[in-house]
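Report on the structure given below.
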Amino acid sequence: MPASPRIAIADLEHRQIKELISFHQQAMLEGSPPGLSFALDLSGLRAEGVTVWAAYVGERVAAIGALKRLDENSGEIKSMRTHPDFLRQGIAAALLETIITHARALGLATLSLETGSGPAFEPALALYRRRGFANGPAFADYVLTDFNQCLHLALD
C-alpha cells in the first residue's frame, strides 16, 4: 500500500485532472443507458457551489471527487473517480473522508449521491456503505430507475 495520498483542492487546468475527468465522463456514458449519466463535466465542476479535490500520490493524480452544495442543509458527492492504477489502495476512502469533513465544516446535515446499479458499481457502493451511506429516496432532480440508486449519509 502506498503512502497516504496528499489531498488538495483540484486545479481544473491540470492535465492529469482533465484526463481523469474525461475518463470518468466516458466510463459513465458507457456504463449508463442513454440520458441517464449525471456525471459532471469540466464546466459543471467549475460551477458555483462545487468544490473539487484531487488525491495525489507523488506527482500523479490518483483520484478526484467533488462536493456540490444543494442548499443550506444538504450536499451531493459528484464525480468520484479513482485512476485505474490506484484502485484498492485506500485513496478513494481518504478522498471521501475529506469531502465528508468539508461538508460537516459547512454545517450540512445530509450528504447524498446518485450512482449506478450493477456489478461495475459494487466496489464504490461498498465504500459508501462502509462509511454509513444508505439507500434512500431520489433527491434534487434525480428519478430512480433500474439503472441508478441514491444513497444518503446523515452528518450529525
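Go through the residues of segment 42-51 one by one and say whether even a single one is among the polar types (S, T, N, Q) and assigned to a helix (DSSP H, G or I). So far as segment 42-51 goes, yes, one or more of its residues are among the polar types (S, T, N, Q) and assigned to a helix (DSSP H, G or I). Condition test on His14, is it at pLDDT 90 or above and out of contact with any helix residue (DSSP H, G or I) (no Cβ under 9 Å at 6 or more places or on another chain)? Yes: the conditions hold for His14.
Per the listing Pro123, Pro119, the residue uniquely closer than 18 Å to Thr82 by Cβ and free of Cβ contacts under 8 Å to residues at least 12 places away in the same chain is Pro119.
Filter segment 98-137 for residues that are assigned to a helix (DSSP H, G or I) and aromatic (Phe, Trp, Tyr); which is surrounded by the most Cβ atoms within 10 Å (Cβ to Cβ)? Walk me through it before giving the result.
The first filter runs over segment 98-137 and keeps only residues assigned to a helix (DSSP H, G or I), leaving 98-105, 119-130.
If we keep only those that are aromatic (Phe, Trp, Tyr) too, we end up with 121, 128.
Details: Phe121: 16, Tyr128: 21.
The residue in question is Tyr128.
Here Ala138, Ala94 are screened, and the one residue that is modelled with pLDDT of 95 or more, farther than 23 Å from Ser43 by Cβ and in contact with a Cys (Cβ under 8 Å, 6 or more places away or on another chain) is Ala138.
Filter segment 87-97 down to the residues that are in contact (Cβ under 8 Å) with a residue 40 or more places away in the chain and surrounded by fewer than 22 Cβ atoms within 10 Å (Cβ to Cβ) and list them by number.
If we filter segment 87-97 for residues that are in contact (Cβ under 8 Å) with a residue 40 or more places away in the chain, which is where we start, we get 89-91, 94-95.
Within segment 87-97, Gln89, Gly90, Ala94 meet the criteria.
Is there a residue being modelled with pLDDT of 90 or more, under 16 Å from Leu95 (Cβ atoms), β-branched (Val, Ile, Thr) and under 17 Å from the mean Cα position of the chain (by Cα) anywhere in segment 18-25? No, segment 18-25 contains no residue that is modelled with pLDDT of 90 or more, under 16 Å from Leu95 (Cβ atoms), β-branched (Val, Ile, Thr) and under 17 Å from the mean Cα position of the chain (by Cα).
For segment 97-127, what are the residues that are charged (D, E, K, R) and either modelled with pLDDT under 95 or within 28 Å of Gly58 (Cβ to Cβ) (or both)?
Step one: of segment 97-127, the residues charged (D, E, K, R) are 97, 104, 114, 122.
Result: Glu97, Glu114, Glu122.
The residue of segment 57-75 that is surrounded by the fewest Cβ atoms within 10 Å (Cβ to Cβ), among those that are closer than 21 Å to Gln26 by Cα and not β-branched (Val, Ile, Thr), is Arg60.
Give Glu72, Glu30, Glu76 a once-over and let me know the one that is modelled with pLDDT of 95 or more and more than 19 Å from Tyr128 (Cα to Cα). I'd like the intermediate steps shown before the answer.
Numbers: Glu30 fails: modelled with pLDDT of 95 or more; Glu76 fails: more than 19 Å from Tyr128 (Cα to Cα).
None of the other options fit; the residue is Glu72.
The values are calculated or read from the model by the stated rules, or taken from the named source; none is laboratory data. Computed from a prediction, not measured in an experiment: that's the story for all the values here. Every residue, glycine among them, receives a Cβ derived from its backbone with ideal geometry; neighbour counts consider all protein chains shown.
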